[in-house]
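The values are calculated or read from the model by the stated rules, or taken from the named source; none is laboratory data. Please read these numbers as outputs of a predicted model, since none were measured by experiment. Cβ: placed from backbone, ideal geometry, glycine included. Neighbour counts: every protein chain shown. The accessibility values were calculated without ligands, DNA or RNA, using every heavy atom of the protein model including side chains. Shrake-Rupley method; radii C 1.70, N 1.55, O 1.52, S 1.80 Å.
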Amino acid sequence: MPPSWPIDFRTALLRATLYILFIGGIAQGAYLEALYLPSVRYTELGFTELTQTFILISCCTLLLYVRHVLKVWPTVTLLLLAFLAASLVREQDYFLDEYVARHTWKILVTMIILPSLAWVVYQRQRFLEEFRHFSNSFAFGLFAGGVLVTYVFSRLYGRQVFWRAVLEEQYVRVFKDVAEEVVELLGYSLILFAMIELLLLARRLHLARQKSA
């Protein structure tokens, strides 16, 4: 595996600025959703949920490019792609249950996850070698943070029992929904940043591999 090229301070600062602006944008979007979209706010047709879907589609697209065009870390990117594609399907559970059939999303997730896991297990030595490099990258740190925020913290923070304890007699379900969905959106944004960083790292590795060929 060729060494990655170092990132200078100016480039790191530019990326940090763009990520900050993106986070500010989604926070403002969630606020405007509450102001101007009262009939669909924090539902499947609101800004927050639709942005989650857009982010997951973007992540899957970036991973497909890294895996099939740049051809960097094919087993690691396959596992990441399966995980995020399954998350994308899970986010569409309302539409699938409503317009296709109940539990359709579960079948689709199973069809995505099981073959991908089987292939990674079959290629486990290659996966471990690739993961050794990936786990020491900034992309992995961002991805881990995004997963913890989205799949652990948002679930615990959005528990109904928690918000009933906080609001007591003033409890309204929308508070719980806002808390869970907006934090989940933040987590997905971190995962998107991770996929962008992975793409940029993969591109550097791809160019280094071409130069050494």
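Give me the residue from the range 130-141 that is assigned to a helix (DSSP H, G or I) and either open to solvent by less than 70 Å² (accessible area, probe 1.4 Å) or in contact (Cβ under 8 Å) with a residue 24 or more places away in the chain (or both) and, out of that set, farthest from residue 72 (Cα to Cα). Let's see the steps before the verdict.
So the first thing to find is which residues in the range 130-141 are assigned to a helix (DSSP H, G or I), and the list is 130-134, 138-141.
Applying the additional criterion that residues be either open to solvent by less than 70 Å² (accessible area, probe 1.4 Å) or in contact (Cβ under 8 Å) with a residue 24 or more places away in the chain (or both) yields 130-131, 133-134, 138-141.
Details: 130: 9, 131: 11, 133: 11, 134: 10, 138: 16, 139: 14, 140: 15, 141: 18 Å.
Out of the qualifying residues, it is 141.
Checking residue 87 against (1) without any contact (Cβ under 8 Å) to a residue 24 or more places away in the chain; (2) assigned to a helix (DSSP H, G or I), which single condition isn't satisfied?
(1)
Considering every residue within the range 152-172, establish whether at least one is surrounded by 13 or more Cβ atoms within 10 Å (Cβ to Cβ), closer than 17 Å to residue 191 by Cβ and either aromatic (Phe, Trp, Tyr) or touching a Gly at 6+ places or on another chain (Cβ under 9 Å) (or both).
Yes, the range 152-172 contains a residue that is surrounded by 13 or more Cβ atoms within 10 Å (Cβ to Cβ), closer than 17 Å to residue 191 by Cβ and either aromatic (Phe, Trp, Tyr) or touching a Gly at 6+ places or on another chain (Cβ under 9 Å) (or both).
Which pairs have Cβ atoms under 6 Å, sit 6 or more apart or on different chains, and link a residue in the range 8-21 that is in contact (Cβ under 8 Å) with a residue 12 or more places away in the chain and of a type in the set (Ser, Thr, Tyr) to one that is surrounded by 10 or more Cβ atoms within 10 Å (Cβ to Cβ) and assigned to a helix (DSSP H, G or I)?
Sorted first by the residue in the range 8-21, then by its partner, the pairs are 19/193.
Confirm whether residue 102 is open to solvent by 30 Å² or more (accessible area, probe 1.4 Å) and closer than 24 Å to residue 185 by Cα.
On the way: open to solvent by 30 Å² or more (accessible area, probe 1.4 Å): yes; closer than 24 Å to residue 185 by Cα: no.
When the stated conditions are applied, residue 102 does not pass them.
Kindly provide the set of residues from the range 155-211 that are in contact (Cβ under 8 Å) with a residue 12 or more places away in the chain and among the hydroxyl-bearing types (Ser, Thr, Tyr), ordered by number.
Across the range 155-211, the qualifying residues are 157, 188, 189.
Considering the range 173-193 alone, what residues qualify as being over 18 Å from residue 153 (Cα atoms) and open to solvent by less than 40 Å² (accessible area, probe 1.4 Å)?
Result: 193, single match.
Can we say residue 30 is assigned to a helix (DSSP H, G or I), crowded, with 16+ Cβ neighbours inside 10 Å and not charged (D, E, K, R)? Spell out how you get there, then give the answer.
On the way: assigned to a helix (DSSP H, G or I): yes; crowded, with 16+ Cβ neighbours inside 10 Å: yes; not charged (D, E, K, R): yes.
Spelling it out, residue 30 is indeed assigned to a helix (DSSP H, G or I), crowded, with 16+ Cβ neighbours inside 10 Å and not charged (D, E, K, R).
Is it fair to say residue 207 is within 23 Å of residue 32 (Cα to Cα), open to solvent by 20 Å² or more (accessible area, probe 1.4 Å) and out of contact with any His (no Cβ under 7 Å at 6 or more places or on another chain)?
Values: within 23 Å of residue 32 (Cα to Cα): no; open to solvent by 20 Å² or more (accessible area, probe 1.4 Å): yes; out of contact with any His (no Cβ under 7 Å at 6 or more places or on another chain): yes.
So residue 207 fails the test.
Going residue by residue through the range 61-70, is there one that turns out to be at pLDDT below 95 and assigned to a helix (DSSP H, G or I)?
Start the filter on the range 61-70 by keeping residues that are at pLDDT below 95, which leaves none.
No, that holds for no residue.
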